[in-house]
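Below is one structure; the comments refer to it alone.
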Amino acid sequence: MAAESRDPDLHTVQLASVALERLVTATRPTREGDEDAPTVSPPRVALRSVSPDRTEFECVARTRVVLPLGTSLWTIDISVRGTFVSGVPISPRHVRFFAKTSAVYVLWPFARVYVDTIATLAGMPAPPLPLIVRSQ
């Protein structure tokens, strides 16, 4: 007996491509009240676009990493864009739900690698980012 889908509107969604959309680094002198430890802002994920046939959509995950370096702070602002595809049209409700609940888990590993790479190339002592940071 074949297994039946619990919800006929749910279909497999796959990551088709991922791209670094934005990466900005900056340093500034430390100020009173700055954190002494590295901080990672919870990623914010936004649904960017949906194709007219509803088989493709884009989500963007953004985060900020702040690294104290003694008398200065180094910030990294990063945005990673993922294009997701499905073999069948996906309802607008399911696209929004995926963007809100699942996209961060798919895109976050790419953000981690980009931050680690830029910190290594810049010679900055960045600690590894957490495996996952919950989205807001």
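So here's what we get for this one:
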{"quantity": "Computed helical MRE - 222 nm, the chain, DSSP H runs ≥ 4 contributing -39500 (n - 2.57), nearest 500", "calculated": "-7000 deg cm²/dmol"}
{"quantity": "Contour minus Cα-Cα distance for THR12 and ARG64 (0.36 nm per residue)", "calculated": "15.7 nm"}
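Values quoted throughout were computed directly from the atomic coordinates according to the rules given, and no laboratory measurement underlies them. Remember, it's a predicted structure, so these values are computed and weren't measured experimentally.
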